[in-house]
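Peer 1: The following block contains the structure, expressed as structure tokens.
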Amino acid sequence: MMRGAFTVGMWTMASRVLGFARDILIAAILGTGPVADAFFVALRLPNLFRRLFGEGAFNAAFVPSISGILHTEGVAAAAGFAEEATAVMIFWLGGITLAGEIFTPWLLYALAPGFAGNHAKFTLAVALTRIMFPYLFLICLTALFSGVLNAMNRFAAAAAAPVLFNVFSIAFMLGLSRYAPNPGYALAWGVTASGVAQLFLLIWAARRVGMRITVPRPKLTPRMRTLFRRMTPGLVGAGVTQLNVSIDIIIGTLLPAGSVSVLYYADRVNQLPLGVIGTAAGTALLPAITRHIALREEGAALNALNRALEGVLMLTLPAAIGLSLAGRQVMDVLFVRGAFSQHTALLAGNSLAAFALGLPVFALVKVLTPGFFARGDTVTPLKIGVAAVALNLCMNLLFMHPLKAVGPALATSLSSAFNAAVLLFLLHRRGHFALDAAARRRLPRLLLAGAVMAGALWAMKVFVLPHGKATIPQFLLLTLAGGIAYGGSGILLRAFDLSELAALLRRRRRKTGQG
């Protein structure tokens, strides 16, 4: 499981680094102006449906199903199941994409009501959304092939596919902008082209491991009906999560101009550690726990969950502390150039600090939900998610006027903390989770190491950055001080064991050399 998480994490890191390069270009060229706001809202719409129909609900039902078939009936039966799912997905995703193209203006009236009073911005958002809507169709099929490969413990190609999204976005922005009405159009075409590239990469990877999936006529076979029954609660649950995101967008469009872009840049920085750590751990954990439960190895499943929880907290805690205390400085170094001003960096840094407060619990949600999904329970996370959305909406309305763009970020963090706390409580009450001796020993020490790091960063900001702004050398010095404080105190307190990580890396190098 940890090797799989490491693979996903490394490729996700590569994708995020390229994503930062893309966002730096967007910030320099577009800043937080009307084209940027229109593009980010337009990108959210296909992404919303992708997460609703593709990655979230589908993976929660599909990966445990195909994993079970693979381990009990073999590769041929699993390939047949994947073919049935592919045919059905193509049929209804095609319908959704067609409907989306037709009804784009009405969807944007709901998602971005603040744009309705600005005809030029609204018209641009509609045009960009229509260019990018086929990305939904392409990336949901990519999610299906990713699920096939993840079930076979082949994580590299699926984790590498998002790299293509950033490569194509950068290439189209640099190469096509001069021929397009504005750079937003070039970016939109790059998104759709990346969907084609990602799908073909995953099809090729599946064929390499013996999954030569063809597309039969779509049929609602008994296995498909079972898949959809399992998928329905997850679909609603994913809808709840995306409703949370949609609330933030809606509130952002009602705030002062540029707020949508400010929230986007802050969220992108926050998503780096979340994607590298939380998503990687959750992706590798689901098939691992499913396998242990299928073999009735509850002790092994509990151990996997404990180690995943330890791992994500060890890595997200310093990220949360660093981004909370140095959000302004992160934005200075990454984005202040071209159309992105120091004032914008200050606003985005404040929003980033609010997002980062919830970073450990964002990651915990991704680690805890496989504990339910692997047992076929997609309803409980749904109910908790509904309550979290209601809480998020109430806090958004409460915070939007006094806190402006910080409000949606803080509301998201607090509602996610509620979500993680209830998931953890219910897993424990059902006897599916308890902290083992190693976790009880390490977690308090991790918190103490985090406190040492926070003190070191605060002192550095007071003495090295009295005016708040940071140059690149100052930012590197700040980062080094925080890393030494956390790593050094963690080693002295024995909060984490570097020998375990070294052994993992050695095993991975041997496996790579043999492969």
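The values are calculated or read from the model by the stated rules, or taken from the named source; none is laboratory data. These figures come from a predicted structure and were not determined experimentally. Using ideal geometry, Cβ is built from the backbone for each residue, glycine included, and neighbour counts are taken over all protein chains shown. Note: areas computed on protein heavy atoms with side chains; ligands, DNA, RNA excluded. Shrake-Rupley method; radii C 1.70, N 1.55, O 1.52, S 1.80 Å.
Peer 1: If a residue counts only when it is farther than 29 Å from ASP332 by Cβ and at pLDDT 90 or above, which helices (runs of 4 or more DSSP H) contained entirely in segment 429-515 have at least 1 such residues?
Peer 2: The helices (runs of 4 or more DSSP H) meeting that bar are 437-464, 472-492.
Peer 1: Quick one: count up the residues across segment 468-486 that are of a type in the set (Val, Ile, Thr), open to solvent by less than 80 Å² (accessible area, probe 1.4 Å) and farther than 16 Å from THR316 by Cα.
Peer 2: Number satisfying all stated conditions: 1.
Peer 1: Does ASN153 count as open to solvent by 10 Å² or more (accessible area, probe 1.4 Å) and over 22 Å from ALA21 (Cβ atoms)?
Peer 2: Yes, satisfied.
Peer 1: Just name the residue that is most open to solvent (accessible area, probe 1.4 Å) out of those in segment 83-103 that are assigned to a helix (DSSP H, G or I) and free of Cβ contacts under 8 Å to residues at least 40 places away in the same chain.
Peer 2: Filtering first and then ranking leaves LEU98.
Peer 1: So, in segment 96-125, of the ones that are within 25 Å of the chain's Cα centre (by Cα) and of a type in the set (A, V, I, L, M), which residue ends up nearest to PHE168 (Cα to Cα)?
Peer 2: Among residues in segment 96-125 that are within 25 Å of the chain's Cα centre (by Cα) and of a type in the set (A, V, I, L, M), the one nearest to PHE168 (Cα to Cα) is ALA125.
Peer 1: How many of the residues in segment 364-394 are within 17 Å of ILE289 (Cα to Cα) and assigned to a helix (DSSP H, G or I)?
Peer 2: So the count comes out to 11.
Peer 1: Taking LEU334, is it open to solvent by 10 Å² or more (accessible area, probe 1.4 Å) and at pLDDT below 90?
Peer 2: So LEU334 passes the test.
Peer 1: If you check PRO408, PRO360, PRO370, which single one turns out to be within 27 Å of PRO64 (Cα to Cα) and touching a residue at least 60 places away in the same chain (Cβ under 8 Å)?
Peer 2: Answer to the check: PRO370.
Peer 1: Suppose we filter VAL215, VAL167, VAL209 for residues that are within 30 Å of VAL126 (Cα to Cα), open to solvent by 10 Å² or more (accessible area, probe 1.4 Å) and either modelled with pLDDT of 90 or more or among the aliphatic types (A, V, I, L, M) (or both); which single one remains?
Peer 2: VAL167
Peer 1: Out of ALA326, ALA308, I need the residue that is in contact (Cβ under 8 Å) with a residue 40 or more places away in the chain and either open to solvent by 30 Å² or more (accessible area, probe 1.4 Å) or over 29 Å from THR32 (Cα atoms) (or both). Which one?
Peer 2: Answer to the check: ALA308.
Peer 1: Does segment 362-411 hold any residues that are surrounded by fewer than 21 Cβ atoms within 10 Å (Cβ to Cβ) and closer than 17 Å to ARG429 by Cα, and which are they?
Peer 2: ARG375, ASP377, VAL379, THR380, LYS383
Peer 1: Would you tally the residues in segment 123-142 being more than 17 Å from ASN47 (Cα to Cα) and in contact (Cβ under 8 Å) with a residue 60 or more places away in the chain?
Peer 2: 1
Peer 1: Here's something else I'd like to know. Looking at this structure, is VAL462 of a type in the set (A, V, I, L, M) and surrounded by 20 or more Cβ atoms within 10 Å (Cβ to Cβ)?
Peer 2: Criteria not met by VAL462.
Peer 1: With buried (at least 21 other Cβ atoms within 10 Å of the Cβ), over 30 Å from ALA77 (Cβ atoms) and at pLDDT 75 or above as the only criterion, which of LEU187, LEU227, LEU174, LEU255 stands out?
Peer 2: Going through LEU187, LEU227, LEU174, LEU255 in turn, just one is buried (at least 21 other Cβ atoms within 10 Å of the Cβ), over 30 Å from ALA77 (Cβ atoms) and at pLDDT 75 or above: LEU187.
Peer 1: Also: Pull up segment 1-32, narrow it to residues that are open to solvent by less than 20 Å² (accessible area, probe 1.4 Å) and closer than 16 Å to TYR185 by Cα, then point me to the one that is modelled with the lowest pLDDT.
Peer 2: Result: GLY31.
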